[in-house]
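Colleague: Take this structure first; my questions come after.
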Amino acid sequence: VIRSAVRSDQELALTLPAITHERLIAYADASGDRNPLHIDPTAARAAGEPDVIAHGMLLMAYVGRLVTELFPQSALSSWHLRFVAKTPVGAQPTCHARIIDHIGDLARAEIWAELDDGAVVTRGEAVYTVRRVRNLDEH
Amino acid sequence: VTAFLNAIGEQRAEYRDRAAAEAASYRGLPVPPTYLFTLELERPVIAYLVNVLAIRWEAVPA
């Protein structure tokens, strides 16, 4: 159980660099997800896209960096994201995490990622087990 | 795991340096929370065992 003095309205944001072909190839190699839709522009065009689109799990990993910054990973009980739009190569994502309630030892945060054009591409929730910092005079 | 950390731009010391991880109260280097998904793609049997037997992350060799 992690002690935290976090405020109930705390919000974090993380703006990533614009997503490049090189980044998607590096993620494909590291994750094993070599779906050509993410790494081969010809295959992406054949599938009706103007160019490759980012792996959804890369976006989730980006949001995960913020999820583990709001509270340490050891406090994380569960989290989920729903993907609602595609992330084309060249887009610049910003991830957000905002605490929505903190009841007892449970904290809940809404989490989402949006692109530089304002489109939300994924949203969900993270739940933590976090002990509030008590008044130090209490025993 | 290092290639994965590089691909997602994770630079925090507690994910890369054992002493920093231990200073942050981890028993070893933690892996990022989406890493198991990639393990399922690459090593489905190991991922299955980790889930079923609830093996600690840091006990799984990279």
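Colleague: Anything in segment A:101-129 that is more than 15 Å from A:SER78 (Cα to Cα), surrounded by fewer than 17 Cβ atoms within 10 Å (Cβ to Cβ) and not acidic (Asp, Glu)? List them, or say none.
Modeller: A:ILE103, A:GLY104, A:GLY118, A:ALA119, A:VAL120
Colleague: With respect to A:PRO72, determine if the residue is modelled with pLDDT under 95, touching a helix residue (DSSP H, G or I) at 6+ places or on another chain (Cβ under 9 Å) and at the interface with chain B (Cβ under 10 Å from one of its Cβ atoms).
Modeller: Values: modelled with pLDDT under 95: yes; touching a helix residue (DSSP H, G or I) at 6+ places or on another chain (Cβ under 9 Å): yes; at the interface with chain B (Cβ under 10 Å from one of its Cβ atoms): yes.
Here the answer is yes, as A:PRO72 does meet what is asked.
Colleague: Go through (1) more than 10 Å from the chain's Cα centre (by Cα); (2) touching a residue at least 60 places away in the same chain (Cβ under 8 Å); (3) within 28 Å of A:ARG23 (Cβ to Cβ) for A:LEU115 and report which single condition fails.
Modeller: Going through the list (1) more than 10 Å from the chain's Cα centre (by Cα); (2) touching a residue at least 60 places away in the same chain (Cβ under 8 Å); (3) within 28 Å of A:ARG23 (Cβ to Cβ), A:LEU115 breaks only (2).
Colleague: If a residue has to be within 14 Å of another protein chain (Cβ to nearest Cβ) and surrounded by 16 or more Cβ atoms within 10 Å (Cβ to Cβ) to count, how many in segment A:40-69 make the cut? Full working, then the answer.
Modeller: Applying the first criterion (within 14 Å of another protein chain (Cβ to nearest Cβ)) to segment A:40-69 yields A:54-69.
Those left that are additionally surrounded by 16 or more Cβ atoms within 10 Å (Cβ to Cβ): A:54-68.
Residues flagged as within 14 Å of another protein chain (Cβ to nearest Cβ) and surrounded by 16 or more Cβ atoms within 10 Å (Cβ to Cβ) within segment A:40-69 amount to 15.
Colleague: If I go through segment A:23-51 residue by residue, how many of them are under 23 Å from A:LEU66 (Cβ atoms) and not in a loop (DSSP other than H, G, I, E, B)?
Modeller: Initial filter on segment A:23-51 (under 23 Å from A:LEU66 (Cβ atoms)): A:23-24, A:26-28, A:30-31, A:33, A:38.
Applying the additional criterion that residues be not in a loop (DSSP other than H, G, I, E, B) yields A:23-24, A:26-28, A:30-31, A:38.
So the count comes out to 8.
Colleague: Here is a follow-up. Find all pairs meeting these conditions: Cβ atoms under 7 angstrom apart; at least six residues apart or on different chains; first residue within segment B:29-40 and more than 10 Å from B:TYR15 (Cβ to Cβ); second residue surrounded by 20 or more Cβ atoms within 10 Å (Cβ to Cβ) and β-branched (Val, Ile, Thr).
Modeller: Going by the 7 Å Cβ cut-off, the qualifying pairs are B:PRO33/A:VAL67; B:PRO33/A:THR68.
The values are calculated or read from the model by the stated rules, or taken from the named source; none is laboratory data. Quick caveat: nothing in here was measured; it's all calculated off a predicted structure. Glycine gets a Cβ as well: all are built from the backbone with ideal geometry, and neighbour counts include every protein chain shown.
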